[in-house]
1. Please determine whether any residue of the range 15-22 is more than 16 Å from Glu285 (Cα to Cα), surrounded by fewer than 18 Cβ atoms within 10 Å (Cβ to Cβ) and either modelled with pLDDT under 95 or among the aromatic types (Phe, Trp, Tyr) (or both).
2. Does Asp63 satisfy the criteria of being touching a helix residue (DSSP H, G or I) at 6+ places or on another chain (Cβ under 9 Å), among the acidic types (Asp, Glu) and more than 18 Å from Ile309 (Cβ to Cβ)?
3. Give all pairs with beta carbons closer than 8 Å in which a residue from the range 257-274 that is closer than 30 Å to Ile158 by Cβ meets a residue that is exposed (fewer than 13 other Cβ atoms within 10 Å of the Cβ); count only pairs at least 6 apart in sequence or on separate chains.
4. Out of Arg237, Arg291, which single residue is modelled with pLDDT of 80 or more and within 30 Å of Glu51 (Cα to Cα)?
5. Take the residues in the range 79-99 that are under 11 Å from the mean Cα position of the chain (by Cα) and touching a residue at least 40 places away in the same chain (Cβ under 8 Å); name whichever of them is surrounded by the most Cβ atoms within 10 Å (Cβ to Cβ).
6. Out of all the residues in the range 12-53, which are touching a Leu at 6+ places or on another chain (Cβ under 7 Å) and assigned to a loop (DSSP other than H, G, I, E, B)?
7. Starting from the range 121-149, take each residue that is touching a residue at least 24 places away in the same chain (Cβ under 8 Å) and list its partners that are surrounded by fewer than 16 Cβ atoms within 10 Å (Cβ to Cβ) and in a strand (DSSP E or B), counting only C-beta distances under 6 angstrom and pairs at least six apart or across chains.
8. Only strands (runs of 3 or more DSSP E) wholly contained in the range 63-167 count here; list those with 2 or more residues that are at negative phi, modelled with pLDDT of 80 or more and among the β-branched types (Val, Ile, Thr).
Amino acid sequence: MNIPIWTGTSTFAAGQTPFGFYDNNLDFKTDADKVADFCARRLGYPLADVELQSGSFYTAFEDAVTTYGNELYAYKVRENYLSLEGADNTIIPNDKIISPNFASLVRISNQYGEEAGVGGNVTYHKGTLDLVCNQQDYDMKAWAQASASIASNDSIEIKRIFYEAPPAITRYFDPYAGTGTGMIDMMDSFGWGSYSPAINFLMMPINYDLQTLQAIEFNDTIRRSNYSFELVNNQLRLFPIPNGSVSKLYFEYIKNSDRNNPYESGTGKITNVGNVPFENPNYNEINSIGRQWIFEYSLAIAKEILGYIRGKYSTIPIPDADVTLNQGDLISAATAEKNALVERLRAYFDETSRKSLMERRKDEGAYLRDEFNNVPYTIFIG
């Protein structure tokens with residue numbers, strides 16, 4: 001039986017790894033043969049035969065570097081995904097600093113803005129309703145479908161019913177108007193000359209103006225409107241029953257198909273953790289801590305490969321006997337070592353997560369405060 005045995009030397013060249021991810025990386029080329037020698041010696045060479053060739057060690061080395069990169073970038077995605085979602089997926093983030101942002105919060109706040117009518121991406125449409133004398137009830141969905149504003153399977157939500165009226169600011173009354181020398185000229189310089197001038201705009205707090213304008217708008221709702229109304233499920237009921245004195249009613253509405261559509265175009269954007277455009281790591285930029293992990297993981301993979309090879313030849317005949325190989329022990333040990341290394345790496349990344357660092361800074365701050373409390377104050381003698 002002719003089983004290839006490690007010769008003790010190797011010379012790495014491009015094309016000797018399965019994928020060639022790092023074959024042109026200078027540091028990878030330099031370390032490839034060192035990793036082969038390291039793994040062979042940890043597996044018993046030269047005191048014991050190692051049934052591996054240089055290509056097996058190079059495969060283990062490439063696999064270890066790729067696994068390290070996968071764990072590193074999976075951690076970065078997990079730590080920063082809320083900031084990455086929606087970003088340009090053509091920019092390679094390997095060497096980029098990912099700054100936290102409020103993109104996800106803005107998307108959520110847009111939903112609140114849409115409901116309140118103060119923001120968001122849903123269009124508020126305006127409509128007019130022709131009132132019919134002595135008709136109190138109106139089906140607003142039927143109005144929308146009859147006016148071709150919506151599709152037959154869509155619906156609307158009335159957000160506001162109102163009469164077109166001049167802004168409340170144009171009816172703002174200031175009892176102190178005209179007081180103060182040169183006040184009107186000063187107000188003109190701010191562009192407020194057409195409104196009620198004087199000291200309220202300059203001296204009173206802004207909440208005074210807000211309350212005054214709200215009072216004017218509320219007064220319009222109660223006193224100036226010819227109608228009050230009740231709106232339930234897009235069924236509008238007017239009070240009192242229209243008598244023909246007003247022919248139109250104005251309102252704002254949104255289409256539920258616009259508001260209930262949670263999707264936006266994801267073309268050219270990061271839409272899930274699977275299309276964050278991280279590439280394989282640059283081996284030159286991995287520090288000694290990372291490389292030591294890679295060397296140990298390469299050894300575990302080499303041990304696993306050796307176990308599978310020896311499993312193919314479970315026994316080797318010798319004169320008057322057979323030698324049983326230790327393939328089961330090798331594979332079990334390799335699996336345990338790989339799992340332990342991955343867990344150690346993940347724990348290391350978790351210790352440097354944003355949350356962990358902030359908690360550590362909080363603890364350090366509390367410790368320093370306790371220490372400073374024990375320092376006596378300086379006594380000054382005057």
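1. Yes, the range 15-22 has at least one match.
2. no
3. Ser257/Ala151; Asp258/Thr123
4. Arg291 is the lone residue from the list that is modelled with pLDDT of 80 or more and within 30 Å of Glu51 (Cα to Cα).
5. Going through the qualifying residues, I end up with Leu84.
6. Leu43, Val50, Glu51, Leu52
7. Partner pairs satisfying both residue conditions: Tyr124/Glu252; Lys126/Glu252; Thr128/Lys248; Thr128/Tyr250; Gln136/Arg237; Asp137/Arg237.
8. In the range 63-167, the matching strands (runs of 3 or more DSSP E) lie at 156-162.
The values are calculated or read from the model by the stated rules, or taken from the named source; none is laboratory data. Remember, predicted model here, so these are calculated numbers, not experimental data. Ideal geometry is used to build each Cβ from the backbone, glycine not excepted, and the neighbour counts take in all protein chains shown.
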